[in-house]
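*Asks:* The structure's right below; bear with me while I get my questions together.
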Amino acid sequence: MLRALLLLLSLSLAACQDREARAEIVRLEARVTDLEARVEALAAAPSVPSDAAATVQQAAATHCANDLSRTLELTRQERGGYPAESALAVPGSCQGFRVTWERLTPQGYAFRVLDRSGRALASGAGE
């Protein structure tokens, strides 16, 4: 009798554990299906630009041009005109770039931001 009771108890415990294991397997299969769908969606999405370094350099040059324009405009507001090139401190964000002036007078400015090879990446102008 005790043996039968133990056998019955172990069978019901095993059945309970079996149901829990099956539920866990179903949950994991659903998660795997969801993750596979996400991977497929990511694979189909547009990728990062092929030349990320060029994109970063372009953004840095634009940042340089914006900082330089801001510096020039602040000087104009404070002093009533744009500074001479010799009196201008180029912002630190322009380090690694070359700034060429097409025009810099007390009334206006125009410049280009070039990379090390001389390719124009950004520009700025003001009147």
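Just so you know, all these numbers are worked out from the coordinates, no wet-lab data involved. Note that the structure is a prediction, hence the values are computed from the model and not measured. Positions of Cβ are generated from backbone atoms using ideal geometry, with glycine treated the same way; all protein chains shown enter the neighbour counts.
*Asks:* If Lys and Arg each add +1 and Asp and Glu each add -1, what is the summed charge of the other residues whose beta carbon sits under 13 Å from the beta carbon of L28?
*Replies:* Numbers: positive: R22, R27, R31; negative: E20, E24, E29, D34, E36.
Its environment carries a net charge of -2.
*Asks:* Considering the dipole of the stretch 70-127 built from charges on the beta carbon (Lys and Arg +1, Asp and Glu -1) around the Cα centre, which of Q95, G80, G124 is farthest to its positive end?
*Replies:* Q95
*Asks:* Give me the Å³ per residue figure for the convex hull around the C-alpha atoms of the stretch 39-127. Can you show the working numbers first?
*Replies:* On the way: hull volume 10.9 nm³, N = 89.
Measuring per residue, one finds 122 Å³ for the Cα hull of the stretch 39-127.
*Asks:* Per-residue HN-Hα couplings for the stretch 103-119, Karplus 6.51 cos²θ - 1.76 cosθ + 1.60 at θ = phi - 60°, whole Hz, x for Gly and Pro?
*Replies:* 7, 8, 10, x, 9, x, 8, 8, 9, 10, 9, 10, 7, 5, 8, x, 7
*Asks:* Which trypsin sites (Lys or Arg not before Pro) in the stretch 29-127 pass both tests, a DSSP loop state and at most 14 other beta-carbon atoms within 10 Å?
*Replies:* R116, R119
*Asks:* Once Lys and Arg get +1 and Asp and Glu get -1 on their Cβ, which of T71, A45, Q58 lies farthest toward the positive end of the dipole of the stretch 22-117?
*Replies:* In the stretch 22-117, that residue is T71.
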